[in-house]
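What follows is a set of notes on a single structure, which appears directly below.
The values are calculated or read from the model by the stated rules, or taken from the named source; none is laboratory data. Nothing here was measured: the structure is a model prediction, and the numbers come from that model. Here the Cβ positions follow ideal geometry from the backbone for every residue, glycine too, while neighbour counts run over all protein chains shown.
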């Protein structure tokens, strides 16, 4: 494989004053010239990581070797608006199966698109995905380029959760016969679990786990409670963190802390809190445009223990929150002075944060507390 040069810059120091010492972070640019990177997944045995680019390319990056050519065997994607190649995760049994899961935007016959999910085997030489098969399609296809969601998370029982946007078609988030504005739950082979909440509900999609969600952009398992957490974009105001539980309704568009981009009220909204829907765990009245999120459960940097890191697109920073059970408080922000849209945040096997910036010249950053 062709390898581009590995790119490093001297450490940069960013204010981190609202957190425990140290009061700054080191930032290393590991790779630049990435065209709107969306997600990353770490390979075992110090083999580097996989990166998705929204234009449809999957690449491999490894320290000392740099960035690979595009990995072959990736499905065709609809790279338009917010659509493209989205999340990448490794199967829980990757060491045996070498199975890689991808989510992406897929266009239908009428030109509208939806989120699709599938998997294939990563070749031993890391150059191709073999036998890719689609196991899930968001139906009906309604998106003209907006609100795909696409985050993928496995729990410790091997179930796969998929966060799905409502394609900017607000009422669909409440419709159980549609897969817009939902979290769905599948088995590790892409089948519907028998204990999903709407399996026996006439007219409902059996894949659905929870509903009433607008546009989920970050999703992760809380390592201390073993529960799924999700963040989502509100409209103008009202970005949220939720804990999507079995069969529950998270309100959109009936309940919201936001308004339309026009400044007018959301037509379907009945208030910030609506009976029969779940209130958000945490809400931003002014939308930072949340993105990827990661819980910090490593012992490498004790000052970050029990923190939740959430990227932002509009505010171009990483928000740092403290987590105490199901109580969340905002501590501060890092990377603000870089003026880069943050698309994804992950904790690496070395205990550092790995951050992707959403730019035509996107970057892979390694972030650690200063003085370490």
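With over 25 Å from residue 323 (Cα atoms) and either in contact with a strand residue (DSSP E or B) (Cβ under 8 Å, 6 or more places away or on another chain) or at pLDDT 95 or above (or both) as the only criterion, which of 155, 239, 189, 226 stands out?
Among 155, 239, 189, 226, only 189 is over 25 Å from residue 323 (Cα atoms) and either in contact with a strand residue (DSSP E or B) (Cβ under 8 Å, 6 or more places away or on another chain) or at pLDDT 95 or above (or both).
Applying the criterion of being within 16 Å of residue 220 (Cα to Cα) and touching a residue at least 40 places away in the same chain (Cβ under 8 Å) to the residues of region 319-345, the residue that is farthest from the chain's Cα centre (by Cα) is 325. Residues that are at pLDDT below 95, in a loop (DSSP other than H, G, I, E, B) and within 23 Å of residue 341 (Cβ to Cβ) within region 18-52 comprise 18, 19, listed in sequence order.
Candidates 87, 69: the one that is out of contact with any helix residue (DSSP H, G or I) (no Cβ under 6 Å at 6 or more places or on another chain), assigned to a loop (DSSP other than H, G, I, E, B) and either under 19 Å from residue 346 (Cα atoms) or touching a residue at least 12 places away in the same chain (Cβ under 8 Å) (or both) is 69.
Mind checking which residues of region 53-66 are more than 29 Å from residue 107 (Cα to Cα) and either modelled with pLDDT under 95 or assigned to a loop (DSSP other than H, G, I, E, B) (or both)? Matches in region 53-66: 63, 64, 65. For residue 321, the criteria (1) outside any loop (DSSP other than H, G, I, E, B); (2) surrounded by 20 or more Cβ atoms within 10 Å (Cβ to Cβ) hold in every case but one, which is (2).
Return yes or no: is residue 168 under 21 Å from residue 251 (Cα atoms) and under 20 Å from the mean Cα position of the chain (by Cα)?
yes
Residue 11 - would you say it is modelled with pLDDT under 50, within 29 Å of residue 308 (Cβ to Cβ) and out of contact with any strand residue (DSSP E or B) (no Cβ under 6 Å at 6 or more places or on another chain)? Here the answer is no, as residue 11 does not meet what is asked.
Residues in region 263-271: is at least one within 19 Å of the chain's Cα centre (by Cα) and surrounded by 20 or more Cβ atoms within 10 Å (Cβ to Cβ)?
For region 263-271, residues within 19 Å of the chain's Cα centre (by Cα) and surrounded by 20 or more Cβ atoms within 10 Å (Cβ to Cβ): absent.
When residue 321 is tested against the conditions (1) under 18 Å from residue 26 (Cα atoms); (2) touching a strand residue (DSSP E or B) at 6+ places or on another chain (Cβ under 7 Å), the lone failure is (1). Any chance you could count how many residues in region 280-300 are crowded, with 18+ Cβ neighbours inside 10 Å, over 14 Å from the mean Cα position of the chain (by Cα) and over 21 Å from residue 36 (Cα atoms)? Qualifying residue count for the region: 6. Report, by residue number, each residue of region 324-345 that is buried (at least 20 other Cβ atoms within 10 Å of the Cβ) and not in a loop (DSSP other than H, G, I, E, B). Hits for region 324-345 are 333, 334, 342, 343, 344, 345. The lone criterion from (1) touching a helix residue (DSSP H, G or I) at 6+ places or on another chain (Cβ under 8 Å); (2) closer than 13 Å to residue 149 by Cβ left unmet by residue 215 is number (1). Within region 213-227, identify whether any single residue is surrounded by fewer than 17 Cβ atoms within 10 Å (Cβ to Cβ), free of Cβ contacts under 8 Å to residues at least 24 places away in the same chain, over 19 Å from the mean Cα position of the chain (by Cα) and part of a loop (DSSP other than H, G, I, E, B), and answer yes or no. The answer is no, given that none of the residues of region 213-227 is surrounded by fewer than 17 Cβ atoms within 10 Å (Cβ to Cβ), free of Cβ contacts under 8 Å to residues at least 24 places away in the same chain, over 19 Å from the mean Cα position of the chain (by Cα) and part of a loop (DSSP other than H, G, I, E, B).
Please indicate, with yes or no, whether at least one residue in region 285-300 is free of Cβ contacts under 8 Å to residues at least 40 places away in the same chain and in contact with a helix residue (DSSP H, G or I) (Cβ under 6 Å, 6 or more places away or on another chain). The answer is no, given that none of the residues of region 285-300 is free of Cβ contacts under 8 Å to residues at least 40 places away in the same chain and in contact with a helix residue (DSSP H, G or I) (Cβ under 6 Å, 6 or more places away or on another chain).
Has region 85-103 got at least one residue that is crowded, with 16+ Cβ neighbours inside 10 Å and more than 25 Å from residue 293 (Cβ to Cβ)?
So far as region 85-103 goes, yes, one or more of its residues are crowded, with 16+ Cβ neighbours inside 10 Å and more than 25 Å from residue 293 (Cβ to Cβ).
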